[in-house]
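The structure appears right after this line, and notes come after that.
The values are calculated or read from the model by the stated rules, or taken from the named source; none is laboratory data. Just so you know, these numbers come straight off a predicted model, no measurement behind them. Don't worry about glycine lacking a Cβ; one is built from the backbone with ideal geometry, like all the others, and counts go over all protein chains shown.
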Amino acid sequence: MNNFNFYSPTEFVFGKGRAKETGFYVKKYGGTKVLIHYGGGSALRSGLVDTVKESLTAEGIAFAELGGVQPNPRDTLVYKGIELCRSEGVDLILAIGGGSVIDSAKAIAMGVPYEGDFWDFYSGKHAEKALPVGTVLTIAAAGSEGSGDSVITKEDGMLKRGTGSDAIRPKFSMLDPALTQTLPAYQTACGATDIMAHVFERYFTNTKEVEITDRLCEAVLMTMVKETPRVIADPNNYDARANIMWAGMVAHNNIVGVGREQDWNSHNIEHELSALYDCAHGAGLAVIFPAWMEFVYKHDIMRFAQVAVRVWGVKMNFADPEATALEGIKRFRQFLRSIGMPINFAELGAKEEDIPVLVEKLGIGDGETGGFVHLKAADIAEIYRIAARAEL
Ligand code: NZQ
Ligand code: ZN
């Protein structure tokens, strides 16, 4: 196991009905004037925004509001949010929604105290300070409620880029699984795919002797395999929703990834799909991740065989471990299809002829990316080709 620091200071407030306590936690973390930030309307329709407003008013906290965050959140709304916060004297940003809203809130939080263009933070600069961020989560997926990451799309050229800093880790996150019961099955499945992808990015590693994090990863994956079909079949299954919501946090605050080299190529490769086609991140991952697995599994057949046996219940073929590894990848793709995810370009709405554009936009030039297997541009083009033509 490698040396590591693990810093995860967010206070998680978990359980049914707990969004009503939001005002209390805003006050606890020093908010006196809040920007309520939300998406395209689901949090308004469910009455959640009103519930949160009432809890703020009950604590004597003033607020401004800015809705309209799109999935794959855009820089243009971030600029508006920064101006609004400055003119209103906002001292805490409250995201009500999913990863897109939370990431947009984090971008605004970094931008307000910064004199330059906030996009600098998505072009390599590290953010040292930010306004405090709180979240009221409505979809289990991105894990942004417990992460120090944010991903924003620049409308000019549709460039999707990420940044990471402990300054933007939420101070608190309200996690009420019942809030996710209004999600359409497709969004639920996209979220589940993203959660599993966050684990796989960490699971495939060259670091040896990482039994504890291997087992934690497998626990999260097995939970998702069990619980996702239950919520697809019954969206109101609170207990399954609760397990998935906590799995989404655990999958991405890095407790399952510390002390081990991680990969992250599939995420980078996917981000170009959601940037170009504006598809859901989770749906893009459903198409890319099994294709990446097929391209790299020979790098460590036994690791792929291990996940096949432990998570997918494949019987180990000692005479032919490669067959076991491949069976695991096949089961993953079958699972994705069973929860309604696309598995190839056509089902996602992507085009094979766009592959050169996708590779070009990744911007790796003659370089290499990834931790588990280093990929060059030609390798990534091949992964897109496998993804384009995948079948069960
Ligand atoms: O906009 P509204 O109307 O709220 O609808 C949203 C949106 O259309 C809807 N939704 C959310 N909660 C709902 C609901 N509909 C009904 N009932 C509810 N309770 O779901 C749609 C998707 O929301 P979004 O926030 O985009 O989903 P997600 O949480 O998957 O976030 C995706 C974004 O996060 C980024 C992705 O790249 C993508 O831009 N990621 C962020 C990460 C991070 N910050 O750590 C890591 C991830 O790997 C990921 O890259
Ligand atoms: Zn993700």
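Residue pairs whose Cβ atoms lie under 6 Å apart, separated by 6 or more positions or on different chains, with the first residue in segment 69-84 and in contact (Cβ under 8 Å) with a residue 12 or more places away in the chain and the second assigned to a loop (DSSP other than H, G, I, E, B) and of a type in the set (Gly, Ala, Ser), are VAL69/GLY39.
May I ask you to list the residues in segment 21-31 that are under 17 Å from CYS85 (Cα atoms) and either surrounded by fewer than 18 Cβ atoms within 10 Å (Cβ to Cβ) or not assigned by TED's automatic domain parsing to the domain that holds GLY98 (or both)? Give the derivation first.
To start, the set of residues in segment 21-31 that are under 17 Å from CYS85 (Cα atoms) comprises 26, 30-31.
Across segment 21-31, the qualifying residue is only GLY30.
In segment 130-145, the qualifying residues are those that are under 17 Å from ARG241 (Cα atoms) and touching a strand residue (DSSP E or B) at 6+ places or on another chain (Cβ under 6 Å), and the one that is nearest to ligand 2 (Cβ to nearest atom) is GLU145. Within segment 297-306, one or more residues are small (Gly, Ala, Ser) and more than 16 Å from ligand 1 (Cβ to nearest atom).
For ASP214, indicate whether it is more than 16 Å from ligand 2 (Cβ to nearest atom) and over 19 Å from SER274 (Cβ atoms). Taking the combined requirement at face value, the residue satisfies it. Filtered by the rule that a residue be surrounded by fewer than 18 Cβ atoms within 10 Å (Cβ to Cβ) and either within 16 Å of ligand 2 (Cβ to nearest atom) or touching a residue at least 60 places away in the same chain (Cβ under 8 Å) (or both), segment 226-245 gives PRO229, TYR238. Considering only residues in segment 32-45 that are within 16 Å of ligand 1 (Cβ to nearest atom) and crowded, with 17+ Cβ neighbours inside 10 Å, the one that is farthest from the chain's Cα centre (by Cα) turns out to be ILE36. Reported count of residues in segment 355-380, each being over 30 Å from VAL258 (Cα atoms) and buried (at least 18 other Cβ atoms within 10 Å of the Cβ), is 2. From the list ALA251, ALA219, ALA192, ALA242, the one residue that fits, being under 14 Å from ILE339 (Cβ atoms) and touching a helix residue (DSSP H, G or I) at 6+ places or on another chain (Cβ under 9 Å), is ALA192.
For segment 275-283, check the following and say yes or no: at least one residue is hydroxyl-bearing (Ser, Thr, Tyr) and either without any contact (Cβ under 8 Å) to a residue 24 or more places away in the chain or touching a Gly at 6+ places or on another chain (Cβ under 9 Å) (or both). Yes, because at least one residue in segment 275-283 is hydroxyl-bearing (Ser, Thr, Tyr) and either without any contact (Cβ under 8 Å) to a residue 24 or more places away in the chain or touching a Gly at 6+ places or on another chain (Cβ under 9 Å) (or both).
Among the residues of segment 171-191, the ones that are in contact with a Lys or Arg (Cβ under 8 Å, 6 or more places away or on another chain) and more than 7 Å from ligand 1 (Cβ to nearest atom) come to 7 in all.
Listed by first and then second residue, the pairs linking a residue in segment 358-376 that is farther than 27 Å from ILE301 by Cα and assigned to a loop (DSSP other than H, G, I, E, B) to a residue that is modelled with pLDDT under 95 and among the hydrophobic types (A, V, I, L, M, F, W, C), with Cβ atoms under 9 Å apart and 6 or more places separating them unless they lie on different chains, are GLY363/LEU159. Against the definition (within 14 Å of ligand 2 (Cβ to nearest atom) and out of contact with any strand residue (DSSP E or B) (no Cβ under 6 Å at 6 or more places or on another chain)), how does GLY162 come out, yes or no? No; evaluated as a whole, the condition is false for this residue. Checking each residue in segment 177-187 for being buried (at least 24 other Cβ atoms within 10 Å of the Cβ) and within 15 Å of ligand 2 (Cβ to nearest atom) picks out no residue at all.
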